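The values are calculated or read from the model by the stated rules, or taken from the named source; none is laboratory data. Since we're looking at a predicted model, the values are computed, not measured. All Cβ positions, glycine included, derive from the backbone under ideal geometry; neighbour counts span all protein chains shown.
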Amino acid sequence: MIEIKNIRKSFKGTEVIKGISGEFQQGKVNMIIGASGTGKSVLLKCIVGLVTPDEGNVIYRGRDFFNSEKDVQREIRQEIGMLFQGGALFDSMTVEKNVMFPLDVLTKMPSDEKLDRVNFCLKRVGLENVNTKMPSEISGGMKKRVGIARAIVNNSKFLFCDEPNSGLDPQTSILIDELIKEITYEYDITTVVVSHDMNSVVESGDYILFMYQGNKLWEGTKDDILQNDVPELQDFIFANHILRRLKEKA
Amino acid sequence: MKSIGKYFILLGSLFKNRESFKTYFKLTINECVLIGVNSIIIVVIVSTFMGAVTAVQTAYNLVSPLIPNNVIGLIVRDMTVLELAPTIMAIVFAGKVGSNIAGELGTMRITEQIDALEVMGINGASYLILPKILASVFMYPLLVIMAAFLSITGGYLAGIMTNIITEQEYIYGIRLDFNEYTVTFALIKSVVFAFLVSSISAYKGFFTRGGALEVGLASTSAVTNSVIAILLADYLLAQLLL
């Protein structure tokens, strides 16, 4: 479980995150949603420690990240896997080397075991026979899958995904959502997904935190998001004309 | 001032939260190939022509019959060892290697590859920058030695082929009043310049923000700042060590 308490962050005098708290449960797909520019990615970067919040705590299974010693922070980071918006694969390495990278740097596993683990993870995300390809030679959807394989290769306990569907066609988006959901349940990990894709939200959101202008306006599950009475969330959900017409008809 | 402070903080962070020696060794060897071996062709071309042009232009300026021809060899040698090989090659090095380092790190920054390293608990600065600095400091002096040798050879070839000097005169000239300390001085300069080019370029690339345009600007800025730093350091070292 990850607990965030009163996270605040400002950039050049502008407060981007205004005291957000929440709990992301283990074995569930937790989603942070909201319109573009509302502070979702900054909040995610605060949670993983890429950005230091001005105030607040991020607690990973009882360990307060920002108030811990460097060794504990490093230990927590080694339990984190992250899928970045563009995949963030290392351009100079093959797919195999990219996925193997966390094992190379963070473990003392023998080479043959590392290769077995890499092949297992690539197979798990539906990729085979791509080991020798470079990131520039594979599609956007494949890059995301490789990114997921790299995020789980070290048996991560926490998986963070920053807009996993951005730049993907609807079918590939669904496949990536399904994959994230399956991996979360299968390995009982705490997954936090930042998204503004309503398909993902209603399909996968076991816990949803809605952000609006740096504030948390609503939290709940995919089952009760459509019955919410928050006008900003209503506007966000029904921004799509088709959904709006359907709602009006209903 | 803020940038200078940030530069020194970055240099300090290279030695914090480091990876294993084995990891750095492997990365440094890779960088030695990229930084050193891949620069050999440009060094060969530039240094050979640099020596040849120095020989021809020195001969052109020697109008007095009282000055012996062997002075051409002496001037080519001293100019090469003291200035052309370490300093001019450093400017070429900044253009080739400096822009490459800044471009590579800048691209890694804007595509979140550095964030990916840091999320894994790896010190991105140390992992990416330290091997580049070590490789530069190790390889650039070797390139300078090669450049000095080729420049003097270029002067010899140009002098002999254009009949402005005889082989004996040139050999005599390059051996005349030779001060070994100039070589030591050139090597000290080469280590300092290599450190400046690699660290300044890495700093510019590592803190790139924005997109492709900013990566281009970071590369340009890396080269111009490196060149200014080289010239300043060149003057300071000359004052201090000669």
Checklist entry - Looking at (1) at pLDDT below 95; (2) within 14 Å of chain A (Cβ to nearest Cβ); (3) buried (at least 21 other Cβ atoms within 10 Å of the Cβ), which is the one condition that is false for B:K132? => result (1)
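Within the stretch B:191-203, can one find any residue that is at pLDDT 95 or above and surrounded by fewer than 18 Cβ atoms within 10 Å (Cβ to Cβ)? Even if it seems obvious, please write down each step before you answer.
First, pick out the residues of the stretch B:191-203 that are at pLDDT 95 or above: B:191-203.
Filter again for surrounded by fewer than 18 Cβ atoms within 10 Å (Cβ to Cβ), leaving B:191.
Among the residues of the stretch B:191-203, at least one is at pLDDT 95 or above and surrounded by fewer than 18 Cβ atoms within 10 Å (Cβ to Cβ), which makes the answer yes.
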Checklist entry - Filtering the stretch B:138-189 down to residues that are farther than 24 Å from B:A90 by Cα and acidic (D, E), which residue is modelled with the lowest pLDDT? => result B:D177
Item to check | Given (1) part of a helix (DSSP H, G or I); (2) under 18 Å from A:F101 (Cα atoms), number of the condition A:T172 does not satisfy | outcome: (2)
Item to check | Residue within the stretch A:94-116 that is polar (S, T, N, Q), within 10 Å of chain B (Cβ to nearest Cβ) and either closer than 24 Å to B:R109 by Cα or in contact with a His (Cβ under 6 Å, 6 or more places away or on another chain) (or both) present | outcome: yes
Checklist entry - Quick one: what pairs do we get from the stretch A:58-69, first residue more than 19 Å from A:L159 (Cα to Cα), second surrounded by 13 or more Cβ atoms within 10 Å (Cβ to Cβ) and not acidic (D, E), C-beta under 8 Å, 6+ apart or different chains? => result A:N67/A:N57; A:S68/A:I76
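Quick grid of which residues meet (1) surrounded by fewer than 22 Cβ atoms within 10 Å (Cβ to Cβ); (2) within 14 Å of another protein chain (Cβ to nearest Cβ); (3) of a type outside the set (S, T, N, Q); (4) touching a Lys or Arg at 6+ places or on another chain (Cβ under 6 Å):
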site: B:V56; (1), (2), (3), (4): yes, no, yes, no
site: B:T80; (1), (2), (3), (4): no, no, no, no
site: B:A102; (1), (2), (3), (4): no, no, yes, yes
site: B:G121; (1), (2), (3), (4): yes, yes, yes, yes
site: B:G124; (1), (2), (3), (4): yes, yes, yes, no
Checklist entry - All but one of (1) buried (at least 20 other Cβ atoms within 10 Å of the Cβ); (2) within 14 Å of chain A (Cβ to nearest Cβ) hold for B:M139; which doesn't? => result (2)
Checklist entry - Among the candidates A:E3, A:E55, which residue alone is without any contact (Cβ under 8 Å) to a residue 60 or more places away in the chain and either basic (K, R) or surrounded by 14 or more Cβ atoms within 10 Å (Cβ to Cβ) (or both)? => result A:E3
Checklist entry - Is the stretch A:17-29 home to any residue that is within 14 Å of another protein chain (Cβ to nearest Cβ) and crowded, with 18+ Cβ neighbours inside 10 Å? => result no
Next on the checklist: Can you find a residue that is surrounded by fewer than 16 Cβ atoms within 10 Å (Cβ to Cβ) and touching a helix residue (DSSP H, G or I) at 6+ places or on another chain (Cβ under 8 Å) anywhere in the stretch A:77-86?
Outcome noted: no
Checklist entry - Could you say whether any residue in the stretch A:60-72 is assigned to a loop (DSSP other than H, G, I, E, B) and small (G, A, S)? => result yes
Next on the checklist: The conditions are (1) more than 27 Å from A:K70 (Cβ to Cβ); (2) under 20 Å from the mean Cα position of the chain (by Cα); (3) β-branched (V, I, T), and B:I133 fails exactly one of them. Which is it?
Outcome noted: (1)
Checklist entry - In the stretch B:215-237, which residue that is among the small types (G, A, S) and under 17 Å from the mean Cα position of the chain (by Cα) is surrounded by the fewest Cβ atoms within 10 Å (Cβ to Cβ)? => result B:A233
Item to check | Filter result (closer than 17 Å to B:I165 by Cβ and of a type in the set (S, T, N, Q)) within the stretch B:49-96 | outcome: B:T54, B:Q57, B:T58, B:N61, B:S64, B:N69, B:N70, B:T80
Item to check | Unique match (being in a helix (DSSP H, G or I) and modelled with pLDDT of 90 or more) among A:V193, A:V118, A:V202 | outcome: A:V118
Checklist entry - If you scan the stretch B:104-114, which residues turn out to be part of a helix (DSSP H, G or I) and buried (at least 20 other Cβ atoms within 10 Å of the Cβ)? => result B:E104, B:L105, B:G106, B:M108, B:R109, B:Q113, B:I114
Checklist entry - Does A:D64 satisfy the condition of being within 12 Å of another protein chain (Cβ to nearest Cβ) and at negative phi? => result no
